[in-house]
Structures are given as C-alpha cells and as structure tokens.
1. Loop-only trypsin sites (Lys or Arg not before Pro) in segment 81-189, please: DSSP not H, G, I, E or B, and at most 10 other Cβ atoms within 10 Å.
2. To make sure I understand the rule: partners must be lysines, Cα under 27 Å from the Cα of residue 163, and not fewer than 8 residues away in the same chain. Which ones qualify?
3. Could you derive backbone 3J(HN,Hα) for segment 162-171 from the dihedral phi with the Karplus parameters 6.51, -1.76 and 1.60 (θ = phi - 60°), listing whole Hz in sequence and x where the residue is Gly or Pro?
4. Taking the solvent-accessible surface of protein heavy atoms with a 1.4 Å probe, what is the per residue accessible area of segment 88-168 in Å²?
5. Count charges around residue 129 for me, please; just the other residues with Cβ under 14 Å from its Cβ, Lys/Arg as +1, Asp/Glu as -1.
6. Ordering 35, 94, 162 by how much accessible area each has at a 1.4 Å probe, largest first, what is the list?
7. With N residues in segment 176-228, what two-decimal value do you get for its Cα radius of gyration over 2.2 N^0.38 Å?
8. Residue by residue through segment 114-127, which ³J(HN,Hα) values in whole Hz follow from phi under the Karplus form 6.51 cos²θ - 1.76 cosθ + 1.60 (θ = phi - 60°), with glycine and proline marked x?
Amino acid sequence: MGQCGITSSKTVLVFLNLIFWAAAGILCYIGAYVFITYDDYDHFFEDVYTLIPAVIIIAVGTLLFIIGLIGCCATIRESSCGLATFAAILLLVFVTECVVVVLGYIYRAKVEDEVNHSIQKVYNEYNGTNTDAPSRAIDYVQRQLHCCGIHSYSDWRNTRWFKESKNNSVPVSCCQPSISNCTGTLTRPADLYQEGCEALVVKKLKEIMMYVIWAALTFASIQMLGMLCACVVLCRRSHDPAYELLVTTNSYA
C-alpha cells in the first residue's frame, strides 16, 4: 500500500513538472503582455511601480522552468536532496506569488487615481502630430477603445489644441469607423464616439492587473499540490523500509 502511494505521488509529481513548464511559458506571456499594454497606455500612468507585479510574474515564470527541470530529475532519480530542494523552491515561489496577488490588488486600486491624475495633462499636450508621443497615445487609445475625450467628445473644447486649431473639430481618431468622410467636426456629433476614454482606460488597466492576479492564484494552487506530493514522497521514503530496500536493490541491478 505504501509503495502504491509513493508511486502515485511520483506520477503526480512528474505530471506537475510538465505543468510547471507550461505554466512558465504562460506566466512569461502574461508578464510580457502587461509590459506591451503598459507601453501603449504609459502616458496615462505615471507610477512605474505598477509594473512590479509583471516583473515578478516573468521572474516566477523563468523560475518555474528551472523548478520543472529540478523536479523531473529529482523524481526520476528518486533523490531525497533533489526533492527537498524542489519543495523548498516551490515554497519560495508560492510565497512570491502571494506577494504578486497582494501587489496586484494594491496597484489595481490605485489605477483610477493614477489615470484621473494624469489624463487631463496628456490631453492638454495633444498637438495632432504623429511625431509627438502624447498625441500618438491619445489617437491610439481613442481608436482602440472606441472613445473620445476624457468624459465625452465635448471635453476637447477645453484643450489647447482645439482652441489653437479653431476649426470646431476633434481628432479624426474620434470618428466611428462605419462613418465615411468623417472629419471630426462637432457639427456632426453622431459621427463621433460618444463615450469618454477615462473610464475605459481605467477598466482596461484593471482587467490587465486581474490577469496577473488570477494567473498568480492559479499557479500558486498548483504549486501547493506539488509541495504536498514532494513531501509525501520524502516522508514515505524515510519511514518505509521496504521502499528503501527496493530503491537500494534497483540501484545495484
């Protein structure tokens, strides 16, 4: 019965190690996705520390690949030292992912304040040229999120660009794609996106942070199972003489 339990635990461990390799790729992808998205929205976000959870997620993904390699070697070779190292590293990663979850919730709560604080400044810096970073950022966000202005298209009236251009128009990035020959003129408001960008930017950034939080929670639970299986194999090796005899016999065979 004891040998059967050890074999089952070892089988689960090997399977989990394969999952860790897959998880490493997924976590690195999520971290990279956060970085890429942040680059598109960074003008609306002044707190670079918001990227800390993404940095940790990428580091954890890299570490999980190493963990999978150590775990497979330790399980196949039935190494007590390897399994102990495997369990210890899993514990470290588990704690790290708990930190990611906490930081994710902290920064998710700060998203709205950050965007509220910086979005007016970004809109005031708009000059309508593709060579200007804030202008490109605003045009990108308005096209991608199908929005116009901060709260609505009428917010453009208060911007420096609108007052200097004196053409009673908003950027063409506010135009709905289904409208042909749209120039952004405020005399045809039905041609423009009706929703403001502030709420949608906040929603988008909060969704991204939730991806990080759920990924950390999901793989933390898998690591709990990995630690449990490693501990089961280690404990039964130390308390089951029959298993020790079997290992010794196989090593001499």
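The values are calculated or read from the model by the stated rules, or taken from the named source; none is laboratory data. All values reported here derive from a predicted model rather than from experimental measurement. We place every Cβ from the backbone using ideal geometry, glycine too, and count neighbours over all the protein chains shown. For the accessible areas, the whole protein counts, side chains as well, though only heavy atoms, and no ligand, DNA or RNA atoms are used. Shrake-Rupley method; radii C 1.70, N 1.55, O 1.52, S 1.80 Å.
1. 166
2. Straight-line reach from residue 163, under 27 Å: 121.
3. 5, 5, 7, 6, 6, 10, 6, 10, 9, x
4. Solvent-accessible surface per residue comes out at 54 Å².
5. Neighbour charge sum, excluding residue 129 itself: -2.
6. So the residues, ranked largest to smallest area, are 35, 94, 162.
7. Here the Cα radius of gyration is 2.13 times the empirical estimate.
8. Per residue, the Karplus-derived 3J(HN,Hα) values read 5, 5, 4, 6, 9, 5, 5, 5, 5, 5, 5, 8, 5, 10 Hz.
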